[in-house]
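Read the structure below first, then the notes.
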């Protein structure tokens, strides 16, 4: 099961206590997943399908609880889903269907489809949240926690996309709109936008999953940076020690270490005895001990002498 499917499973279990919120959520769900058919004068039928059993079950339950009707449910194999199950619901109750669709804000009093977000359905604060939840259940997608952050909801009509953008702005959410393959896509590209939206809709388990993954990813990146930094420092120290040993051997084969001043001869002998030692450790091995800076400057003087010999 995909991460998006997990989120929809969780959101499908969220059941508002208020009838108005259930109407709003069902309205958004049917707006995004429903197809209206004109089957005669003043006669409409509604067909909706979902690849998620929990979402289909929620539509079925809401229609029964809110309006006292039972819709026909079919399970079909969908080619577009690579042969996976597709849950189809059919509502053919004639004039009763028209009344229900009107109450849900899907058609107006003239039986014309409402393409945007119905204001009377979503005007309350709680109903607006329910409407957003229904919209995500109908056409939403969220990338996995281990992938770059991406969340989107797909629409057929620009009016719906623009209306949902305005609705999300009421809750301090700022999505973006784009067109893709004949669809209008409302999307967000940051992990914060994902978390804020899902928390608002009630997907708290998914929010915890995203946030824990973000913390783990941040710790892993910090550890990697630390390891890379220490590896680079170690490589530089090893390279510097090899160069110092080369300088010392050049002097040893040329004029001999005895020709060096006692202070330089001492640090040269210490370096030859401890080729892997750090600069601080080299200073500690001398008598009396030297600071790291003093040991470094003595080795610089040795390098200068070796350069003249070279």
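Each reported figure results from applying straightforward, stated rules to the coordinates on display, with no laboratory input. Remember, it's a predicted structure, so these values are computed and weren't measured experimentally. Here the Cβ is made from the backbone with ideal geometry for all residues, glycine too, and neighbour counts use every protein chain on show.
General observations
- Once the Cα gyration tensor of the range 163-239 is diagonalised, semi-axes √(5λ) in Å: 40, 17, 10
- When the chain is treated as a Gaussian network with alpha carbon springs shorter than 10 Å, the biggest mean-square fluctuation among 145, 288, 275 belongs to 288.
- The range 223-310: relative contact order in percent, alpha carbon pairs under 8 Å with at least 6 residues between: 33
- Relative contact order of the range 84-198, taken over Cα pairs closer than 8 Å and 6 or more residues apart, is 19 percent.
- Placing pseudo-labels 7 Å out from each Cα toward the beta carbon at residue 226 and residue 124 gives an inter-label distance of 5.2 nm.
- Anisotropy class of the range 230-309 from Cα gyration tensor, a/c 1.5 cut: oblate
- Per residue, the convex hull spanned by the Cα atoms of the chain amounts to 209 cubic angstrom.
- Calculated mean residue ellipticity at 222 nm for the chain: -19000 deg cm²/dmol, from DSSP H runs with n ≥ 4 weighted as -39500 (n - 2.57), summed, divided by the residue count and rounded to 500.
- Computed over the chain: relative contact order in percent, which uses C-alpha pairs under 8 Å that are six or more apart: 14
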